[in-house]
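What follows draws every value from the coordinates through simple rules; no lab data is involved. In this text the structure is predicted, and so the values were computed from the model without any measurement.
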Amino acid sequence: MGRAFQNRKESMAKTAGQKTKVYSKYGKAIYTVAKSGGVDPDGNLALRSLIDKAKKDQVPTHVIEKAIDKASGAGGEDYTESRYEGFGPGNCMVIIDCLTDNGNRTIKDVRVCFTKTDSKIGSTGTVSHMFDHQAVFAFKGEDDETVLENLMMADIDVTDVELEDGIITVYAPHTEFFKIKTEFANSMPEYELEVEEITWVPQTYTEITSEEDIANFDKFIAMLEDCDDVQHVYHNADVIRG
């Protein structure tokens, strides 16, 4: 997980420099989840998780509250989820999740990101079969065996627990997310969860080594992050910088 964990941390660091866009993306996601599942975080686990994640990414409370208040009213925007897949620079595999109120605009914007970076957009299922939809938790620690034992004692289905460079990473089926989160809060509160999310984990990685591919990859990610409708970008790129 060390490599994937670093990829994730680098991505978070980049988006942190674009606070307005980060706030907008979270506001849209919180509004959508609250609108569909209810505005009470205690009764809407997906909303509670999203709020926790937003706070970790330093989204102000007023942004979160505004999105929830908006969802509690009648009418409002009607966002739909859309997913695009394809091959990015260096032939890495990419999954892009979006929330949109205009599908034609979104596919046009996403397609431009592919065409301007020597990439190729594909159809649904093009690459997602090479990713696992998993709950991932990562935190500083050294005793991965005890973590695994505690989770197994709680009758939680764990795919893997890895220790690399002082970071313990827990992988599990995405359906186990809230059970694991609760178990950490109850029996392992000493661990501060740095990553806690349901994500797409690549089964294999593609090394990107040439200067041209690396430049295109950086441009590709930056262009996607600038798209208002793009919520998440998952990839299997292992960028080797000289």
Can you tell me the Rg and Dmax of segment 131-202, counting just the alpha carbons, in angstroms?
10.9, 31
Amide H of His232: which non-local residues (sequence gap of 5 or more, or other chain) have their own amide H closer than 5 Å, using H built in the peptide plane?
Asp97
Could you check how many percent of all C-alpha pairs in segment 145-242 are farther apart than 15 Å?
71 percent
Residue by residue through segment 145-159, the couplings from Karplus 6.51 cos²θ - 1.76 cosθ + 1.60 with θ = phi - 60°, in Hz, x for Gly and Pro, are 5, 5, 4, 4, 4, 4, 5, 5, 5, 8, 6, 9, 7, 10, 7
Kirkwood hydrodynamic radius over Cα pairs of the chain, then Stokes diffusion coefficient at 10 °C and 1.306 mPa s, in µm²/s:
83 µm²/s
Using Cα-only point scatterers and the Debye equation, what is log10 of I(q)/I(0) for segment 37-180 at each q in 0.19 Å⁻¹, rounded to two decimals?
-1.21
Tabulate in residue order the Karplus-calculated ³J(HN,Hα) for segment 214-228, using 6.51 cos²θ - 1.76 cosθ + 1.60 with θ = phi - 60°, rounded to whole Hz; enter x for Gly and Pro.
5, 4, 5, 5, 4, 5, 4, 5, 5, 5, 5, 5, 7, 6, 4
